[in-house]
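First up is the structure itself, then whatever we jot down about it.
The values are calculated or read from the model by the stated rules, or taken from the named source; none is laboratory data. Quick caveat, the model's predicted, so the values are computed rather than measured. Neighbour counts are summed over all protein chains in view; Cβ atoms, including those assigned to glycine, are modelled from backbone coordinates with ideal geometry. SASA here: full protein model, heavy atoms, side chains in, ligands and nucleic acids out. Shrake-Rupley method; radii C 1.70, N 1.55, O 1.52, S 1.80 Å.
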Amino acid sequence: MTISNHERASVLVHALPYIKKYNGKIVVVKYGGNAMTNETLKSSVMKDIVLLALIGVKVVLVHGGGPEISETLEKLGKESVFKNGLRVTDKETVDVVQMVLAGKVNKSLVNLIGVKGGKAIGLSGLDGHMLKAKVKDSELGYVGEITKVSTAPITDVLEKGYIPVVSTVACDDEGNVYNVNADTAAAKIAGELKAESLISMTDISGILKDKNDPNTLISKIKVGEAKDLIEKGIIAGGMIPKTECCVNAVKWGVKRVFIIDGRIPHSIIIEMLTDEGIGTMFEE
């Protein structure tokens with residue numbers, strides 16, 4: 001499809017109010033799901049993030065990397081064990097988690113942002129003891145519950161004009177390393193930063209009244225309505241903890257939180273810089 005110069009200009013003019021709205025504001029993107037494993041979608045996400053940074057948005061990218069961790073453990077001959085959706089993490093596993101998240105995945109994303117024309121610096125929750133944690137459940141091993149977020153490493157990087165790329169490993173005062181949930185980490189980081197928005201990328205189109213009908217997307221949810229939607233079974237399964245993270249992020253000071261479909265190319269730009277958007281927004 002060929003787009004005329006007039007149409008290109010119209011698109012840019014249409015986006016102007018949104019560019020003005022987000023200029024100079026912090027937006028946290030929780031990156032995961034299919035958009036993190038599909039190379040075409042990964043390229044699309046990085047382009048979106050670079051574009052936002054170039055128009056003056058202070059983007060913070062927070063990522064996990066479950067599939068990469070499982071793949072590495074398999075290569076080492078170690079089985080991945082899960083309990084209630086959380087990875088059981090012994091000492092050997094947490095070493096792999098740190099290596100994969102803070103090393104391979106984090107630096108690959110930093111490199112890709114650079115290839116797309118941006119400037120990024122990789123951080124982990126260990127840097128500056130950004131993410132402090134305690135044992136979440138002794139049966140899970142080194143799986144952490146975040147107790148404190150220090151945003152100084154992130155704000156220092158933002159002030160220098162770089163995009164912070166944060167991997168979600170944490171530590172305690174004794175130096176133990178923990179694997180922490182990326183959704184929770186992103187919500188807590190966004191809350192501490194008093195971010196304008198938190199965008200959570202998933203493999204669904206958002207919250208649906210009927211999970212089998214994409215046309216029943218709920219575009220806006222007040223945080224006070226979420227509990228009722230859970231009780232009615234509209235929000236169920238794996239979407240319950242994601243919704244709880246979104247609700248908590250708003251309570252912690254984030255103005256708007258979005259769940260968007262990361263399987264759609266340029267979904268971040270569509271959500272942020274157009275009238276319609278594509279996902280579900282949580283607000284106070």
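Might you tell me the accessible area per residue for the chain, computed with a 1.4 Å probe and given in Å²?
Working: 13780 Å² over 284 residues.
That works out to 49 Å² for each residue.
Full extension from GLU71 to ASN38: what is 0.36 nm times the residue separation minus their Cα-Cα distance, to one decimal in nm? Mind dumping the intermediate values first?
On the way: separation 33, 0.36 × 33 = 11.88 nm, distance 1.52 nm.
Additional length available on full extension: 10.4 nm.
How long are the semi-axes of the ellipsoid equivalent to region 146-284, from square roots of 5 times the Cα gyration tensor eigenvalues, in whole Å, largest first?
Details: eigenvalues 149, 66, 37 Å².
Computed over region 146-284, the values are 27, 18, 14 Å.
Which of GLY141, ILE259, ASN176 sits closest to the plus end of the dipole of region 137-284, meaning its Cα is farthest towards the positive end, when Lys and Arg get +1 and Asp and Glu get -1 on the C-beta?
Result: ILE259, furthest along the dipole toward the positive end.
Could you rank the peptides 202-209, 110-117 by their average count of other C-beta atoms within 10 Å per residue, with the highest value first? Before the final figure, lay out each step's value.
On the way: 202-209: 18.8, 110-117: 16.8.
Result, highest mean first: 202-209, 110-117.
Once you order the gyration tensor axes a ≥ b ≥ c over the Cα atoms, which shape class does region 8-91 get: rounded for a/c under 1.5, otherwise prolate or oblate by comparing a/b with b/c?
Since a/c reaches 1.5 and a/b is larger than b/c, the shape of region 8-91 is classed as prolate.
Nearest 5 is fine: what % of DSSP beta bridges in region 123-231 come out antiparallel, could you say?
Roughly 70 percent of the DSSP beta bridges within region 123-231 come out antiparallel.
Around LYS255, what is the net charge, scoring Lys/Arg as +1 and Asp/Glu as -1 over all other residues with Cβ under 11 Å from its Cβ? The partial results should precede the final answer.
Numbers: positive: LYS21, LYS25, LYS194, ARG256; negative: GLU196, GLU283, GLU284.
Neighbour charge sum, excluding LYS255 itself: +1.
Go ahead and run the numbers for FRET between GLU159 and ASP213, Cβ-Cβ distance against an R0 of 35 Å, rounding to 0.05. Display every interim value, and only then the final one.
Numbers: r = 46 Å, r/R0 = 1.30.
According to the calculation, E is roughly 0.15.
Provide the percentage of antiparallel DSSP beta bridges, counting only those with both residues in the chain; round to the nearest 5. Display every interim value, and only then the final one.
Details: 14 of 44 bridges.
Given both bridge residues lie in the chain, the antiparallel proportion sits at roughly 30 percent.
Using alpha-carbon positions, what is the distance between the centroids of region 165-196 and region 228-267, in Å?
18 Å
Mind grabbing the base-10 log of I(q)/I(0) for region 112-188 at q = 0.17, 0.24, 0.26 Å⁻¹? Debye formula, identical points on the C-alpha positions, no solvent, two decimal places.
-0.64, -1.03, -1.15
Would you tally the net charge around VAL169, using a Cβ to Cβ cut-off of less than 11 Å, leaving VAL169 out, and scoring K and R as +1, D and E as -1? Before the final figure, lay out each step's value.
Values: positive: none; negative: ASP95, ASP127.
Result for the neighbourhood of VAL169: -2.
Given the options ASN106, ASN212, ASN248, state which has the largest fluctuation in a GNM of the chain using a 10 Å cut-off (strictly under) for Cα springs.
It is ASN212.
With angles folded into 0 to 90 degrees, how steeply does helix 66-75 sit against the dominant principal axis of the chain? Use alpha carbons for both and round to 10.
40 degrees
Under 15 Å Cα-Cα from LYS42, which aspartates and glutamates qualify once same-chain neighbours fewer than 8 residues away are excluded?
GLU68, ASP203, ASP261
Taking R0 as 45 Å, what FRET efficiency do you get between GLU139 and VAL11 from their Cβ-Cβ distance, rounded to the nearest 0.05?
Values: r = 52 Å, r/R0 = 1.16.
Step by step, r from the Cβ atoms, then E = 0.30.
Take each of the peptides 223-229, 53-59, 141-147, average the number of other beta-carbon atoms within 10 Å over its residues, and list them starting from the highest. All intermediate terms of the calculation are to be shown ahead of the outcome.
On the way: 223-229: 14.6, 53-59: 18.3, 141-147: 20.9.
So the order, starting with the most tightly packed, is 141-147, 53-59, 223-229.
Which value in Å does the Kirkwood hydrodynamic radius of region 1-149 take, with 1/r averaged over all unlike C-alpha pairs and then inverted?
Details: mean 1/r = 0.0561 Å⁻¹.
Mean inverse Cα-Cα distance, inverted, gives 17.8 Å.
For the chain, modelled as a Gaussian network with Cα springs under 10 Å, which listed residue fluctuates most, THR216, THR151, THR184?
Top of the fluctuation ranking is THR216.
Tell me, what % of the accessible area of region 124-277 is carbon and sulfur with a 1.4 angstrom probe?
Numbers: 3280 of 7020 Å².
That share works out to 47 percent.
Would you kindly find the accessible area of ASP127, with a 1.4 Å probe and non-protein molecules such as ligands, DNA and RNA excluded, rounding to the nearest 10 Å²?
Probe radius 1.4 Å; accessible area of ASP127 about 60 Å².
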